[in-house]
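What follows is one structure encoded as C-alpha cells, with my remarks underneath.
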Amino acid sequence: MRRVVITGMGCVTPLGRDVGRVYQRILAGECAVQSISAFDTSDYRVKLAAEVPDDDFSDCFSPRELKFNDRYIRFARVASKLAVRDAKLDAQTIDKDRFGVIMSTGIGGIGSFEKASETLLSKGVSRISPFFIPMTLVNLAAGIVAIDHQAQGECSCVVTGCAAGTSSIGEAYMRIRTGMQDVMIAGASEASITPLGVGGFMAMRALHEGSDPLRASTPFDVNRSGFVMGEGAGALIIEELEHALTRGADILAEIIGYGSACDAFHMTAPSEDGAGIVKAMRLAMTQAGISPDQVGYINAHGTSTPLNDKTEAVAIKKVFGGHPVAISSTKSHIGHLLGACGAVETIFCVKALETGWLPATIHCENQDPLCDIDIIKDTSRKADVRIAMCNNLGFGGHNVSLIIRKWENRVRRED
C-alpha cells in the first residue's frame, strides 16, 4: 500500500479564509457565533448562527464566474482554489487522468432550492432559472471544482450527513493508497443558514434557542442545549508520497488511518453505547497500525447536543480506557458546519500537529459528569502531539474517524 500525505489546505469559515489566521483565531479563543443576518428571524425561536461574513471572493474568481453557483458551490470552489495554491499544484504538469476530486456536502444547494420555489409560486413555472438544477445538486460542487482544475480522474460526492467531510478525505485517501489516483482534492462544503435550513433543524429541536452567543455552542457542558449552525468549506490536497516528493511539494502531514461504520440504529440519533464510532475509531487505528496510547489529540464531533456529546464521551472511554488523550470541539468557535465540519476540523488537526498548540473547547464552564474525558477547556494547550484523530457522526448512523500523523521528514521507503 502507498503512503498518502497532505500537501495543501484551503478553507472558507466564519472566522475567515486564511488557514493560518483562522487557526490563530481559534487558539485565541474567538467565537464567530452571532445573530443571524441572512434572513429575518422574527418568527423563529432560533436567533443565532455562525455565518461566513465576507462573500467577496474576487481574489479567487470573478463575480461572473460565480454568478450561477449556489453559495455552497462558491465556498467549495474558493476553498479548493486556495488549497491548490497552498500545494503549489500545477495541473499542467501532472497526469490529469490520475488527478481526482471528492467534494462532499450534507444538504447541497438548499438556498437555491428555496429561491426557485418562491419563483414558481409567485411568478410561475416559466420563470424558473435554467441553472436551478445545477445549482442545487449535491454532486455539482465536485464537478465544478474538477472543471476549475481540469481534474479528469475520479469525481464524486460522498453524502454521509455531518460526516461527509471526513468521509470525502478518507475515501480520497483510500483511492490513493490503493493506487487508483495520485492526487485528489478532497473536502466538503455547506451553506444551509437559510429559512428552510434553520427552520427544519429548529422543528427537530436540534438547535440552541438562546440569545447569548457566548452560551450557545457549549460542547460537553452540562447545560448544553443544541447545536449552532455554521457554514463554510474545507479542501485538502491529498497526494501519494512519492508523487509529492518528486514535484518538490511541502508536506504538511500524513494520513495513516480511516475508519467508517454504521450504527444501523436510528435515522437521527446515535446509538447510546457509541458502538458505531467505537468501531470507526478502532478500524482507523488498526489500519494505521497504532495503539490508543499513541493518539495525543482528538478533534471531537462535539456538537453541543445532549445526546451526541454523552455518546461520544462514552465511545472515547471505551476505546482509550485509561490512556490520556486531549480532546476538544472546535464547533464551540465556528458552530456546526454540517457536512463541511469534518473537512475544516481535519485542517485544524493538521495545524495542531504543525504548531504544537491544541485548540480549546470554549464556553464549557461546567463539564458534564457524563462526559468525564480530558476536555481542553477555556485556553489552548501546548503539547508535543504526533498523532491526531478527527471524529464525525452523521444522521443515518454514519460514523467516520481519520488519523493524521505529524510530518517529520521521515521517508521510510521500505514501507
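If the condition is being under 19 Å from the mean Cα position of the chain (by Cα) and either surrounded by fewer than 24 Cβ atoms within 10 Å (Cβ to Cβ) or not acidic (Asp, Glu) (or both), then region 176-197 contributes Met184, Ile185, Ala186, Gly187, Ala188, Ser189, Ala191, Ser192, Ile193, Gly197.
Scan region 14-34 and tell me whether some residue there is touching a residue at least 60 places away in the same chain (Cβ under 8 Å) and at positive phi. Yes, that holds for at least one residue. Scanning region 257-270 for residues that are touching a helix residue (DSSP H, G or I) at 6+ places or on another chain (Cβ under 7 Å) and either among the hydroxyl-bearing types (Ser, Thr, Tyr) or outside any loop (DSSP other than H, G, I, E, B) (or both) yields a total of 6.
The residues on offer are Gly200, Gly248, and the sole one that is out of contact with any Leu (no Cβ under 9 Å at 6 or more places or on another chain), under 30 Å from Gly8 (Cα atoms) and without any contact (Cβ under 8 Å) to a residue 24 or more places away in the chain is Gly248. Is it the case that some residue within region 384-407 is outside the structural domain of Ala76 (by TED's automatic domain parsing), in contact with a Phe, Trp or Tyr (Cβ under 9 Å, 6 or more places away or on another chain) and at positive phi? Checked against the condition, which is being outside the structural domain of Ala76 (by TED's automatic domain parsing), in contact with a Phe, Trp or Tyr (Cβ under 9 Å, 6 or more places away or on another chain) and at positive phi, region 384-407 yields at least one hit.
Within region 367-389, identify whether any single residue is assigned to a helix (DSSP H, G or I) and crowded, with 24+ Cβ neighbours inside 10 Å, and answer yes or no. Taking every residue of region 367-389 in turn, at least one turns out to be assigned to a helix (DSSP H, G or I) and crowded, with 24+ Cβ neighbours inside 10 Å. Among the residues of region 171-187, are any under 20 Å from Ala233 (Cα atoms), outside any strand (DSSP E or B) and touching an Asp or Glu at 6+ places or on another chain (Cβ under 8 Å)? No, region 171-187 contains no residue that is under 20 Å from Ala233 (Cα atoms), outside any strand (DSSP E or B) and touching an Asp or Glu at 6+ places or on another chain (Cβ under 8 Å). Within region 107-148, the set of residues being surrounded by fewer than 19 Cβ atoms within 10 Å (Cβ to Cβ), in a helix (DSSP H, G or I) and small (Gly, Ala, Ser) comprises Ser117, Ser122, Ser126, Gly143.
I'm trying to understand the selection: among the residues of region 66-86, which are of a type in the set (A, V, I, L, M) and within 19 Å of the chain's Cα centre (by Cα)? Those that are of a type in the set (A, V, I, L, M) and within 19 Å of the chain's Cα centre (by Cα): Ile73, Ala76, Val78, Ala79, Leu82, Ala83, Val84. For region 57-73, taking the residues that are of a type outside the set (Phe, Trp, Tyr) and in a helix (DSSP H, G or I), the one that is surrounded by the fewest Cβ atoms within 10 Å (Cβ to Cβ) is identified as Arg64. Taking the criterion of being in a helix (DSSP H, G or I), under 21 Å from Gly339 (Cα atoms) and among the charged types (D, E, K, R), would at least one residue in region 152-161 satisfy it? The answer is no; no qualifying residue exists. With respect to the stated conditions, Ala352 fails to be under 24 Å from Val159 (Cα atoms), under 17 Å from the mean Cα position of the chain (by Cα), modelled with pLDDT of 95 or more and not assigned by TED's automatic domain parsing to the domain that holds Ala32. For region 7-41, the set of residues classified as part of a strand (DSSP E or B) and within 19 Å of the chain's Cα centre (by Cα) consists of Thr7, Gly8, Met9, Gly10, Cys11, Val12, Thr13, Gly16, listed by residue number. In summary, Gly20 fulfils each of the numbered conditions (1) crowded, with 18+ Cβ neighbours inside 10 Å; (2) closer than 29 Å to Gly257 by Cβ with the single exception of condition (1). Would you mind stating whether Ala38 is surrounded by fewer than 20 Cβ atoms within 10 Å (Cβ to Cβ), at pLDDT 95 or above, among the aliphatic types (A, V, I, L, M) and outside the structural domain of Gly342 (by TED's automatic domain parsing)? Yes. Inside region 262-292, residues that are among the hydrophobic types (A, V, I, L, M, F, W, C), over 19 Å from Ala388 (Cα atoms) and in contact (Cβ under 8 Å) with a residue 60 or more places away in the chain make up a count of 4. For Ile290, the criteria (1) modelled with pLDDT of 95 or more; (2) over 16 Å from the mean Cα position of the chain (by Cα); (3) crowded, with 24+ Cβ neighbours inside 10 Å; (4) outside any helix (DSSP H, G or I) hold in every case but one, which is (3). Considered as a group, the residues in region 334-366 that are assigned to a loop (DSSP other than H, G, I, E, B) and among the hydrophobic types (A, V, I, L, M, F, W, C) include one that is farthest from Leu82 (Cα to Cα), and that residue is Cys364.
The condition (being in contact (Cβ under 8 Å) with a residue 24 or more places away in the chain and surrounded by fewer than 24 Cβ atoms within 10 Å (Cβ to Cβ)) is satisfied by just one residue among His301, His363, His323: His323.
Does region 45-56 hold any residues that are hydrophobic (A, V, I, L, M, F, W, C) and part of a loop (DSSP other than H, G, I, E, B), and which are they? Val46, Val52, listed by residue number.
The values are calculated or read from the model by the stated rules, or taken from the named source; none is laboratory data. No experiment lies behind these values; they were computed from the predicted model shown. Cβ atoms come from the backbone with ideal geometry, glycine included; neighbour counts cover every protein chain shown.
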